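Worksheet for the structure shown next.
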Amino acid sequence: MIKNLICLSLLLVVAGYTCADEVGRDGVFNYNSTMDLGSVGDGVPGYRYVINRLRRKVAAADIAKSYLIKTSDKGKPGNAMFIPHYAGVNAYQVELNDIYIHEDCEVEISFDARFAENLNSEEMNNNKFKIDFRCMPNLDLGERYYPMLNGINFRPTNEWKKFSKRFKVKKQDNFYNVWITAFNDLATGDVAGLYVDNFFVRVVAADKKRDDEVAVIPDNIDSIYMMGEEISLKVRALLNSNDNSAKIKLTLVADHSNDIVKTFEVDLQKQESDTGDSRKLYTGMVKFKPELYGSFVTDTYFADNSLKTVGGDYVVLHEPVRHPRLSPGWRIGYNSLDPCPRGRTRATLDYTDYYFYQAGRSIDDRSKLARLAGMNLTRFWGTWRYIEPKENEFRSDVVGPFMDSFKNNNIDVMFIVAGVSLSLHGNKDKLESYVKSGKSMVPPYLNKYYFQAKRQGSIQPPVEVYERFLDYIIKAWGKDIAVWELFNEPGLGQFSPQKYIDYLKVTYKDVKAKFPEAQVLGNGVTGDFGMNVVGWCEDLNKADPNYVDYLDGIAFHPYAGELDYRKGQYFLHTQTIANIANTLKKKKPLWNTECYYILNSRKPQKNFGMNLSEIGASEMQRHHLEGISNGLMGITAITENSLYKRKSPVTFPAPSQAFAAGNALSYMLKGMDDIEVINRNKYIKAGVFYGKGNKGGVGFIYDLRPSGSDWDVSEANKYGVDVFDLYGNKVSAKKAFLTYEPFYVKGEVGKIKEFLSRSKLMVKDALHVNARIFDDRIFIEGKNLTGAKGVFEIRFSDVENAGIPAKIFMNFNADAKYSPVSEYKIKRPFPDKIKWSAYLNGDEIGGGETAVAVTKNTHHISNSEDNAELLTLSAGSTAKIWSEDGLLNIAVSVEDKDIVAAKDSSLWTGDAVEVFIDADPFNEMDRNEITNSAGHNLNVYQYIFPVKPALDGTKLLLINKITGKQASAALVESKLNDNGYTITAKIPWSEIKFTDSINDIVGFDIEIDKIDSVANKVKTVKESLGNNPGKSYAQRSHYKIFRLPQDVIEFLKKKITSLGGSFLDNSEFLNIEYGDVVDWSYAVSGGTTIKGLKNSDDKAVVLLSRDKNSDKVNAELKQELEIIPASVKKVIVQILARSVAPIVENKDTGLTVEFVYYTDKRKNLGHEVINYMFAKDHEDLNQWTELQYVFSVPSTAARIVFNAGMTSKLFGSVELDRISIRYVR
Amino acid sequence: MRKLFIIIFVVLGSAVFAGDRSKEARIDLVGFGNEKVAMAIDKCSAGVTVSKASWLKDEIDTRIVASANLSDSWREYTFSFIPKKSGMIDFNLMGNATKKANWIFYDNITIDGAVLVNGDFEDLAKDGKPVNWSIVNDACVVNDSGAQSGKAFIKASHNNRLSQNFKVEEGKLVVVKFWAKFGGPVESK
């Protein structure tokens, strides 16, 4: 029980600063447990209905029919979720919201269910139900797929029945999902109707008093509005109130910027209905006309407390535009979802007999909505098995309804002939078992054309067989297909380049003969799975470089190269396009036909497909603008799923930022035929679209520098142009903050060009540098002002003789705000200020001067009471601090004759001594506040030792500002004397957990709480060692700085629990024996040297050398680290290095750091390598440079083999001065 | 314009590439006695890698392992080290522990800075074994025209070794030169 309560309290701490999909005070993870947030007959807020198998013939009979789950009044009590019996629905799942669990705990899933109609026992048996409870991985952390996969099989009856099960769950970085899944055993059977109520996913032993919660339900079930149209938001709230009415505050927030755009006070009236708990149902309504285009969310507040809110998402759109073929606006497209539920169907069934209805939406609605999202083009997978299931037997009924729907909604089709490439990993046996699994997308008759290559195989039917298949498609849908592609990503696996060219030739010949205007695309190269994106192009060139004569364009998929700003890396998108174009014998336009994953710049998604396809508005538009600027003729990159939010819906899933951004971009490009790129600065992307015979144009501009710039738009009038934000809202301010979000400019083309070329841009500061001297050491850290992760190069001026390196590559990948602290021994005289410049990829992006703070009056913690300094506090009390036997001793003597005991564990309400220890006083060194509103607290320990125990018996209180209250093994002795009292406290050093490094410095304060009763009134007086009495619980800058004795540091370093991992031995290379670098493992090969020595500056270093004739192996040092599994999230490595002989650059060369991860049973979990690359010109690297690296540690890792040194392609000599590591927990 | 790029590769679940280690010569030098001699690696010729015995934890410098990529013909290899204290070294001629066991042929081994006896294996006892060498399992002298020098050479593998002890002096460079070639698979018994 205690364990569970601790778990809950930890979760509550987390919930304070993270998203709404996390546990509330009541321990409930999901929305709308009692189902009363929905209105009877409408959808069920908080639950998404996905039809895994809808019988195709039923669906095809009415492609405009959508399917919804509904709120019913037949609940237990009140309302219930009603999952209707729909004819044709053979399998479905109802998905709850994404659930984030940050601490190990026990979770209970419980619910009531019954069939909606009376079923006999046979019918009941045919209906199979299960609760699926799984966790999605963060692949960056090396997690396996579904780190948790569990569930409950349940058998409802005709009467209400309760089901529940408890699960031990582990904290995970990515989200958990809970689904109610159902199917009918019979291939042609339907799932019976079901009522569900009281569905809880909650922490066991949580507070049973339910939190308030609200559903905000737009009157448009698609949550889509056009400008000018009135929006009605129905508000249904479950509140802990008995009043007849209640007022809540409702704010509308632009979700790309988090800006509040409007606030309402909403009057709610209490309804007489039984909610099943003590909360009462209140309802109300807000009506308004939108003033802004874009994508919005709704937040609600009751008595200034944020409410758990489901729904309230909506978009405001421009009228959709039908663009002429190949014009810039036409080039915005998407990939349609696979029509049939491959992978969601048992092998005993033919999955082509069913359709998959994502979110229950009809085929026709999906196309209609895609058009509203600005899509003019869709990429449709013409899977071979859908069209020719048996040899020479063709059918149109699987694909046909979709083609009809696209046509009905004015969406042009890019058709992939055959769909998937016919490659397989493995051999023919594997192929056959794959076919037997029922998942194959290839008709079984094609298996006889299996071709086995070295490691993989592929099906390569004769050209005549392919042509026969193609001929059917031409006849059936040829006139409706604008663009033809053949095989998705044929370069994956072992598809023969020559065979592919043969298919390409016949496709080009046959299609062009019938439809000369149609576009035929070849190649289909992809960067997916980390592939060399041009490899397939080179293979085709080897087979026949004239293959480009048989195509109109080159299809490619720029995975991991989808944007010109990507996680600190620049211009990968442009470079990917150029690299592919450079392989072509003849110039041909490129088409980006798929790229489902686009990494958001400000808050990169966790590395998992479902996360990565949630695309921000700015990324959606930049992906297209960069593509079109680089000459792409079509971009069907995103998947249809990206047009909708994953967030729990109130009816159908709400449109996403990408939806609204696509609509706005399409609208902006109305009437535009071509583009002219404006080269202003490589980080400033700009261009102007123009229409032939049309003076008017549309410009765009954005800034890829992470700090962005202030853009002076005050002269827009002078140029006669108007400026719009990314959603097409007119900007009236004189200044705009130009960053990743594009702005648009409308006016005459010439004027737009002038305006975009000449208007002023003032680059904003990207970062600050903090520096503080303590004794003979300086501590330096960077503060990132951009909000974006990445690495900045800081060059210091005039510090040659000051003891700090010429450069630090400050790494903000572990913490986007502060870089790791760098520590150096200074040489005096040290300047009062240090000048620095910031660089990004070698380009200066800012600079400044940092006044160096100097810590004066530093204190030392002695080894005995006798040697301890007598410290005097602000009102005359005295204290001594010393360390002995692994304990920090604090003895305080206070004059106070009126001793008051606290009533309870609020010990500061009685006479007490408080001790504050800041374990990392030089981390975030410009920060005074210990806690902040973002919930990112500093690692400060607060001990409270009462003079007399509290009336409830409490004798000691320990609060860590990050983790909360915790148990303490500290010993305390209090003695009263004639003048007052003395307290001696002994705190085990092992109780102090350092954030990421064990330093020999702590911030320290003592506060005396003097509570006196004067005339029955309590008077509190605070006294402290620092100069800010009464504030030490909240602020830390005034703490005194104390230096720990060496034996304490050694003691702490030996305990891996102090940090979560072990330390590097001999990290400063001071221990050298006959050139051997003691404690480090390494291997020396022909032509390489690894030597510990004193360099020309008498510094202990390791010299790594490789000459040009060296054997092709790395010259690196190795050491093994032990870590506590799941306690370390990242490891930061800081290396001080310089080159001492010319460095020669080669591709993939550099100073390398590698982590190889192992479990405690020595299972290899993979490895991660980071190379900093040296340039040919090494001049700027012959000065000392600190390189900072950040590694993500798999949660199951118990050991890390750490390697650092020169890669096998780097020649020259490098000196390493020291290597240090920090663990991030 | 000077540039610095960062390349991040994440390859999970894959092993670090290694060549065919079954065709490598391997000589282990092991400090022994009460106070084990530790060694500092100096340098080596092309094709040779000398490494510390990372599996020995706190004693990683008391054993160094020299390995060399071999061909089918004799080739000379060298490596050197500095003893961190005076004492005895156990010098082992062997091969790598791999699934496929191969013979490694050694001949004409000379050492500067220490005394190795009968490094050309020409001095044989009556039983045909090389004088001054200890033999483990089936390591043996081959006496035919294929020697690199003289008439005899030896064949060894990971489980079939020859060893000899010699003295070293603290701080005095020791240079090992040896000839070796690939000797084909070890026949199964």
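Brief remarks on what is shown
- Acute angle (nearest 10 degrees) that the helix A:463-477 long axis makes with the longest principal axis of chain A, alpha-carbon atoms: 80
- Stokes-Einstein D in µm²/s, Kirkwood radius over Cα pairs - the protein assembly as shown at 20 °C with 1.002 mPa s viscosity: 59
- Taking amide hydrogens as placed 1.01 Å from N in the peptide plane, the amide H of A:Ala1197 sits under 5 Å from those of A:Ala1126, each at least 5 positions away in sequence or on another chain.
- In order along region A:1113-1122, the Karplus-derived 3J(HN,Hα) couplings, from 6.51 cos²θ - 1.76 cosθ + 1.60 at θ = phi - 60°, round to 10, 5, 9, 9, 9, 9, 8, 9, 10, 9 Hz, and Gly and Pro are given as x.
- Antiparallel DSSP beta bridges within the protein assembly as shown, as percent of all bridges there, nearest 5: 90
- Modelled FRET efficiency - R0 30 Å, A:Asn928 with A:Lys1129, Cβ distances, 0.05 increments: 0.70
- Note on region A:267-418: with charges restricted to the Cβ of Lys and Arg (+1) and Asp and Glu (-1), its dipole about the Cα centre is near 320 debye.
- Pairs from A:Lys262/A:Lys308; A:Lys128/A:Lys162; A:Lys645/A:Lys1130; A:Lys961/A:Lys1031 whose Cα-Cα separation, in the structure shown, is over 21 Å: A:Lys645/A:Lys1130
- The angle between the Cα long axis of helix A:657-668 and the longest principal axis of the Cα atoms of chain A comes to about 60 degrees, rounded to the nearest 10.
- Trypsin sites (Lys or Arg not before Pro) within region A:868-957, DSSP loop, no more than 16 other Cβ atoms inside 10 Å: A:Lys897, A:Lys903, A:Lys955
- Mean Cβ count within 10 Å, highest first, over the residues of peptides A:375-386, A:598-609, A:1158-1169: A:375-386, A:598-609, A:1158-1169
- All Cα pairs of region A:859-1045, percent lying beyond 24 Å: 34
- For the chain pair A and B, buried accessible area totals roughly 3300 Å², probe 1.4 Å, rounded to the nearest 100.
- Per-residue Karplus couplings for region A:960-966, computed as 6.51 cos²θ - 1.76 cosθ + 1.60 with θ equal to phi - 60°, are listed in order as 9, 5, 8, 9, x, 5, 8 Hz, Gly and Pro entered as x.
- In the context of the full set of protein chains, residues of chain A present 38 Å² of accessible surface per residue (probe radius 1.4 Å, heavy atoms only).
- Cα long-axis angle, helix A:2-15 against chain A (0 to 90 degrees, to the nearest 10): 70
- A convex hull fitted to the Cα coordinates of region A:170-258 yields 276 cubic angstrom per residue.
- Under 5 Å, built H, 5+ apart or other chain: amide partners of A:Gly43: A:Thr71
- For region B:79-142, the square roots a ≥ b ≥ c of the C-alpha gyration tensor eigenvalues yield an a/c of 1.5 or more together with a/b not exceeding b/c, which makes the shape oblate.
- In region A:248-336, GluC sites (Glu not before Pro) in a DSSP loop with at most 13 other beta-carbon atoms within 10 Å: A:Glu272, A:Glu291
- When the trypsin sites (Lys or Arg not before Pro) in region A:1064-1131 are filtered for DSSP coil states and for at most 14 other beta-carbon atoms within 10 Å of their beta-carbon, the remaining sites are A:Lys1108, A:Lys1112.
- Order by protection proxy (mean Cβ within 10 Å, highest first), peptides A:565-574, A:186-195, A:968-977, A:1200-1209: A:1200-1209, A:565-574, A:186-195, A:968-977
- For region A:1026-1172, the residue among A:Tyr1082, A:Ile1135, A:Ser1110 whose Cα projects farthest onto the positive side of the dipole built from Cβ charges is A:Ile1135.
- The value of relative contact order for chain A, using C-alpha pairs under 8 Å at least six residues apart, is 7 percent.
- Förster-model FRET efficiency, 35 Å R0, A:Ala543 and A:Val677, C-beta, rounded to 0.05: 0.55
- Percent of alpha-carbon pairs separated by more than 20 Å within region A:675-763: 24
- Oblate is the label for chain B, because a/c, from the alpha-carbon gyration tensor with a ≥ b ≥ c as root eigenvalues, is 1.5 or above and a/b does not exceed b/c.
- Peptide A:835-842, shielding by other chains (average Cβ, 10 Å cutoff): 2
- Net charge dipole, chain A: roughly 2400 debye, given to the nearest 20, about the Cα centre with Cβ charges of +1 for Lys and Arg and -1 for Asp and Glu.
- Placing unit charges on the Cβ atoms only, positive for Lys and Arg and negative for Asp and Glu, gives region A:859-1045 a dipole magnitude near 460 debye about its Cα centre.
- For region A:332-341, backbone phi angles converted through the Karplus equation (6.51, -1.76, 1.60; θ = phi - 60°) give residue-by-residue couplings of 8, x, 7, 8, 5, 6, 4, x, 9, x Hz, Gly and Pro being listed as x.
- Counted by Cβ distance under 10 Å from A:Leu1103, the other residues give a net charge of 0, where Lys and Arg count +1 and Asp and Glu count -1.
- Per-atom-type breakdown for region A:675-763 gives carbon and sulfur 47% of the accessible area (1.4 Å probe, protein chains only).
- Among A:Ile881, B:Ala125, B:Val115 - extreme Cα towards positive end, dipole of the protein assembly as shown, charges at beta-carbon: B:Ala125
- Signed unit charges on C-beta, dipole axis of chain A, positive-most listed residue A:Tyr667, A:Trp908, A:His85: A:His85
- Close amide H pairs (under 5 Å, H built 1.01 Å from N) link A:Asp1076 with A:Gly1092, residues at least 5 positions away or on another chain.
The values are calculated or read from the model by the stated rules, or taken from the named source; none is laboratory data. Keep in mind that what you see is a predicted model, and the values were worked out from it rather than measured. Here the Cβ is made from the backbone with ideal geometry for all residues, glycine too, and neighbour counts use every protein chain on show. In case anyone asks, the SASA skips ligands and DNA or RNA and just uses the protein heavy atoms, side chains included. Shrake-Rupley method; radii C 1.70, N 1.55, O 1.52, S 1.80 Å.
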